[in-house]
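Undergrad: Just dropping this structure here.
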Amino acid sequence: MKDKLIHLLIMTATLIKTSLSRQKDLQQIIDSMLLAFSADPFFRWIYPDEEQYLTSFSGFVQLLINERLDINCTKDGEGAAFWLPPEQELDLDAFSAYMQKTVSPQDLDKVAAVFAEMMQAHPQVPHRFLALLGVTTSKQGKGYGSSLIEPTLAECDRTQQIIHLETCNPRSAAFYERHGFERQKEIQIADCPVIYPLVRYPKN
């Protein structure tokens, strides 16, 4: 237990908790997420064209930067985690409108079907949702991902909160499993890459 606490203190020291009030902070987070997800199977399935991805994914991240979500980011701005608390809900109407505006018309129905299935996979009890976790490519494998989630994992253990997330990246799924998450039933619709919903139950 002592070693775990020391580890958490070290990792937490790399973090800032921010309201992202400055425009410079906002843009740095958006730019970092663009790099972090540039090869993500799911978002590149939604936005396969390079220009479409660059122009549309930044707006998707911007939708997540609002008063409903808690955002952890590294001090250098090259990694961020977007958390939705149990008492909050995503603005699904805003996301639906944005997808209708940015997704190719021939793909819109299947993208909407996938998002609907993902929502159905959420636990039917109050839970914290990790909406997005990204680290720029040059910083991956250096402990950034762990530093961004471990303080919240510890808080959820203390408050007995369930956490839910989804990923299409098998490497990311393995990362979350090392942090106590459990894979749920996989999701795949049409030619969408396999989606792995994961749930983490509080640890004693």
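Quick note: the coordinates plus some simple rules give every number you see, no bench work behind them. Everything quoted here is computed from the prediction, not taken from an experiment. Here the Cβ is made from the backbone with ideal geometry for all residues, glycine too, and neighbour counts use every protein chain on show.
Undergrad: Give, rounded to the nearest 20 debye, the magnitude of the charge dipole that the chain has about its Cα centre when Lys and Arg contribute +1 at Cβ and Asp and Glu contribute -1 at Cβ.
TA: Using only the charged Cβ atoms, the result is roughly 800 debye.
Undergrad: Taking 0.36 nm per residue of separation and subtracting the Cα-Cα distance, what length does fully extending Gln188 through Tyr98 add?
TA: Contour length minus Cα-Cα distance gives 30.2 nm.
Undergrad: Right, here's the next one. Out of Gln88, Leu26, Tyr144, whose Cα points farthest toward the positive end of the dipole of region 2-200 (charges: +1 Lys, Arg; -1 Asp, Glu; placed on Cβ)?
TA: Of the listed residues, the answer is Tyr144.
Undergrad: While we're on this one: Set Lys and Arg Cβ to +1 and Asp and Glu Cβ to -1, take the dipole of the chain about its Cα centre, and tell me which of Gly180, Ala112, Cys168 lies farthest positive.
TA: Working it through, the farthest residue towards the positive pole turns out to be Gly180.
Undergrad: Residues of region 29-67 with backbone nitrogen within less than 17 Å of a virtual label 7 Å along the Cα-to-Cβ line of Arg171, please, listed as ranges.
TA: Inside the label zone: 33-45.
Undergrad: So, one more: Enter the per residue convex hull volume of the chain, computed from alpha-carbon coordinates, in Å³ rounded to the nearest integer.
TA: 121 Å³
Undergrad: Here's another thing I want to ask about it. For the Cα atoms of the chain, what angle does the longest principal axis make with the long axis of helix 2-12, in degrees from 0 to 90, nearest 10?
TA: The helix 2-12 is inclined about 50 degrees to the chain.
Undergrad: Follow-up. What aspartates and glutamates sit close enough to Lys75 to cross-link, taking a C-alpha to C-alpha distance under 19 Å and skipping anything fewer than 8 places away on the same chain?
TA: Asp25, Asp31, Glu150
Undergrad: When Ser138, Ser104 are ordered from fewest to most other Cβ atoms inside 10 Å of their Cβ, what list results?
TA: Fewest to most other Cβ atoms nearby, the residues stand as Ser138, Ser104.
Undergrad: Going by alpha carbons, how many degrees (0 to 90, nearest 10) lie between the helix axis of 50-64 and the longest principal axis of the chain?
TA: That helix lies at roughly 50 degrees to the long axis.
Undergrad: Mind pulling the angle between the C-alpha long axis of helix 108-120 and the longest principal axis of the chain? Nearest 10 degrees, somewhere in 0 to 90.
TA: Taking the Cα atoms of the chain, the angle to 108-120 is about 30 degrees.
Undergrad: Counting only C-alpha contacts under 8 Å and six or more residues apart, can you give the relative contact order of the chain as a whole percent?
TA: Relative contact order, the chain: 23 percent.
Undergrad: If you stretched the chain out fully between Thr55 and Leu108, how much longer would it get, using 0.36 nm times the residue separation minus the C-alpha to C-alpha distance?
TA: In short, 17.4 nm is gained.
Undergrad: Here is a further query. Using Cα springs under 10 Å in a Gaussian network model of the chain, which residue among Met99, Met119, Met33 shows the largest mean-square fluctuation?
TA: Greatest mean-square fluctuation among the candidates belongs to Met119.
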